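These notes concern the structure reproduced below.
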Amino acid sequence: MRRAKLSIIGAGAVGATCAHWAAAKGLADIVLVDVPDKRGLTEGKALDLAESGPVEGFDVQIVGTDDYAQTADSDVVVITAGVPRRPGMSRDDLIQTNVKIVSEVTSRVAAASPEAVLVVVSNPLDAMVYAAWKVSGFPQQRVVGQAGCLDVARYCTFIAMEIGCSVEDVRALLMGGHGDDMVPLVRYTTVSGIPATQLIAPERLEEIVQRTRMGGGEIVKLMGTSAWYAPAAGVIQMVESIICDKKRILPCAAYCEAEYGVGGYFVGVPCVLGGRGVERIVEVELDAEERRMFEASVARVKALCRTVDGML
Ligand code: NAD
C-alpha cells in the first residue's frame with residue numbers, strides 16, 4: 001500500500017516542526033521544500049529528522065529539497081513559506097511580502113500536485129488562504145487554513161492551568177479570523193463535560209479569553225519571533241484528520257458562502273475535515289454578542305482580501 005505523501009513548503013521554524021510532529025506520528029512520507037539558497041539547510045534538516053527514526057521508531061521517508069518535482073502527487077501540501085512577524089508587528093503587516101511568496105509557491109505546488117489538499121499557515125492567515133485558493137484554482141473544499149487549532153490549543157492550555165486539571169479534559173471552540181479579534185466561545189467551553197463558566201469566575205474567564213487573543217503576541221514578545229511548536233502541532237492535527245480521513249470537527253479557516261452569512265471568504269469556523277478536505281461546515285448558534293464579534297472579525301478578513309485582490 002502506498003504511504004500518504006505530505007509536502008511542506010517553507011522549512012523554517014514552523015515548517016520543520018510540522019515535519020517533526022508528522023514524522024513522530026509516522027503519518028506520511030515527507031518532502032520539505034525551501035528556496036535554493038537554503039538547499040543545504042533544508043536537506044540537512046530532513047536528514048537529521050530521518051536519523052531520529054531509529055530512536056523514535058518511525059519508518060517514513062523524509063527528503064529536503066528546493067525542487068518541486070519531488071513534491072509531485074502529494075496528498076496534502078502545507079504552506080508555511082513567508083516571513084514571520086517580529087516584535088511590534090501585527091500579522092497584517094506581513095501581507096505585502098507574503099502574498100508574493102504564497103502565490104509563487106502555490107502555483108508550483110498546484111501544478112505538481114493537482115489533487116492535493118492545501119493547508120495554508122503563512123500569515124496573515126485568512127488572507128493567505130484566500131490568495132492560495134485564487135492562485136491554485138482548486139475547489140474551495142481542498143484549500144483550508146490553520147489558525148483555530150492553535151488558538152483553541154492556547155485557550156485550552158490557559159483553562160487547564162487555571163483549573164489545575166489535565167489539558168485532555170478541556171474542550172473549546174473558537175471562531176473568526178486569526179487576529180486579535182478572534183472569537184473564543186466561552187459558552188461552548190467545557191471541562192470533562194462541565195461548562196467552564198461553572199468552574200472559573202467570569203472576570204478570570206474574560207482574562208483568559210484576552211490572553212488567548214494576544215497569545216501570538218505574547219510569544220513574539222518573549223522570543224523576538226513567532227511561535228512554532230503549537231502552530232505546527234495544530235497543523236498536523238489537521239493533516240492527520242485529512243490523511244487518515246478521521247472527519248474530526250476542528251476549527252479551521254474554511255470557505256464560507258451562505259454559512260454564517262460570510263459571503264465567499266475563508267474564516268475560522270468548525271469544519272469536518274476528512275480525506276476530501278473540508279467536508280462540511282458546522283453551523284453553531286451564536287448569541288447577539290458572539291455574532292457581533294464574529295462579524296467584526298469577518299469584516300477585517302474581507303478588508304485584507306481586498307488588498308490581496310489588488311495584488312494578484
Ligand atoms: P521562518 O522564517 O522560520 O520560515 C519561513 C521559511 O519560508 C524560511 O525558511 C524561508 O526561506 C521560506 N521561504 C520564503 N520564501 C520562500 C519561497 N518562495 N519558497 C519556499 N520557501 C520560502 O518563519 P516561521 O516562523 O516558520 O513562520 C512561517 C510563516 O507562518 C509566517 O508567515 C508566520 O507568520 C506564519 N505563522 C502562522 C501561524 C498560524 O497559526 N497560522 C503560526 C505561526 C507562524
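Inspect the range 35-58 for any residue being within 15 Å of the chain's Cα centre (by Cα) and either within 12 Å of the ligand (Cβ to nearest atom) or open to solvent by less than 60 Å² (accessible area, probe 1.4 Å) (or both) and give the result as yes or no.
For the range 35-58, residues within 15 Å of the chain's Cα centre (by Cα) and either within 12 Å of the ligand (Cβ to nearest atom) or open to solvent by less than 60 Å² (accessible area, probe 1.4 Å) (or both): absent.
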From the options G268, G261, G176, residue that is under 23 Å from V282 (Cα atoms) and open to solvent by 40 Å² or more (accessible area, probe 1.4 Å)
G261
Checking R86 against (1) closer than 20 Å to G234 by Cα; (2) exposed (fewer than 15 other Cβ atoms within 10 Å of the Cβ); (3) among the basic types (K, R), which single condition isn't satisfied?
(1)
Scanning for something crowded, with 21+ Cβ neighbours inside 10 Å, closer than 15 Å to A230 by Cα and within 11 Å of the ligand (Cβ to nearest atom), does the range 18-25 turn up at least one residue?
yes
All positions within the range 159-171 that are surrounded by fewer than 21 Cβ atoms within 10 Å (Cβ to Cβ) and either assigned to a helix (DSSP H, G or I) or within 16 Å of the ligand (Cβ to nearest atom) (or both):
A160, M161, E162, I163, V167, E168, D169
Scanning the range 4-17 for residues that are open to solvent by less than 10 Å² (accessible area, probe 1.4 Å) and of a type outside the set (S, T, Y) gives L6, I8, I9, G10, A11, G15
Step by step: first the residues of the range 271-291, then only those that are open to solvent by less than 10 Å² (accessible area, probe 1.4 Å) and small (G, A, S), then the one that is nearest to G176 (Cα to Cα). Which residue is that?
G277
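The values are calculated or read from the model by the stated rules, or taken from the named source; none is laboratory data. Keep in mind that this is a model prediction, so the values were computed, not measured. Positions of Cβ are backbone-derived with ideal geometry, glycine not excepted, and every protein chain shown enters the neighbour counts. The accessibility values were calculated without ligands, DNA or RNA, using every heavy atom of the protein model including side chains. Shrake-Rupley method; radii C 1.70, N 1.55, O 1.52, S 1.80 Å.
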